[in-house]
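No value in this document is a laboratory result; all are computed from the given coordinates. As the structure is a prediction and not an experimental result, all values here were calculated from the model. Cβ coordinates were reconstructed from backbone atoms using ideal geometry, including for glycine residues, and neighbour counts include every protein chain displayed.
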Amino acid sequence: MISRLVTQRACLDHAARALADVPGMVLEVGLGKARTFDHLRGLFAGRALYAFDFEVHAPKRLVPEPETLFLGDFRETLGRARADLGRNAALVHADVGSKDRAADALLAAEIAPMIGALLVPGGMVITDREMSGAGWTAVDLPSGVSGDWPYFMYRAD
Ligand SMILES: C[S@@+](CC[C@H](N)C(=O)[O-])C[C@H]1O[C@@H](n2cnc3c(N)ncnc32)[C@H](O)[C@@H]1O
């Protein structure tokens, strides 16, 4: 858990600096217990922040406002977000992994194009599962990540 949090913090902090001049909203795909959501709230204060998950299992104080929550399967809610929000995301943090690597790989392949459709030019994807998207270029992980917790960063054209 320490390796995971250290890596996530380093990547999200790096994105906040890299995206300082890229306007747009921030999407937390995989709200979970809202650990990274809480960090994103502070890093990107002033930007619209939306969260996605099957259901809410975050501590009460971290539960997003209902109008900023997309509840349901990512494969449906990311499409709904494209219709509701347009192509306006500067950052998508897709923290979607489970213990089932094969299922995760399928999910990642299905949602990558949906994430791509939400990203502004120059926007970034940070994710715990390898993805590929049209026009995405892999970004080197910043210093400070833990080698014990794989993470992936991409920048969109
Ligand atoms: C790794 S956890 C997210 C952890 C969270 N970012 C945190 O810091 O606490 C992944 C989350 O993705 C959700 N999830 C996985 N697959 C999903 C899917 N297809 N649709 C909606 N939610 C999904 C799970 O319910 C879980 O809460």
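Starting from the Cα-Cα distance between Leu85 and Thr137, subtract it from 0.36 nm times their residue separation and give me the gain in nm to one decimal. Gain on extension, Leu85 to Thr137, equals 16.3 nm. Highest mean packing first, where packing is the average number of other Cβ atoms within 10 Å per residue, the peptides 20-32, 134-146 line up as 20-32, 134-146.
Determine the sum of side-chain charges near Thr127: Lys and Arg each +1, Asp and Glu each -1, restricted to other residues whose C-beta is under 12 angstrom from that of Thr127.
Details: positive: Arg129; negative: Glu28, Asp95, Asp104, Asp128, Glu130.
That works out to -4.
Counting Lys and Arg as +1 and Asp and Glu as -1 over every other residue whose Cβ lies under 12 Å from the Cβ of Pro142, the net charge comes to 0. Seen from Phe54, the other residues with C-beta closer than 12 Å to its C-beta sum to a net charge of -3, counting Lys and Arg as +1 and Asp and Glu as -1. Using the average count of surrounding beta-carbon atoms within 10 Å as a protection proxy, the listed peptides 112-118, 75-81 rank, highest first, as 112-118, 75-81.
Pairs of Cα atoms nearer than 8 Å and 6+ residues apart set the relative contact order; for region 32-157 it is 20 percent.
Over every pair of different alpha-carbon atoms in the chain, take the mean of 1/r and invert it; report that Kirkwood radius in Å. The partial results should precede the final answer.
Values: mean 1/r = 0.0649 Å⁻¹.
For the chain, inverting the mean 1/r across all distinct Cα pairs yields 15.4 Å.
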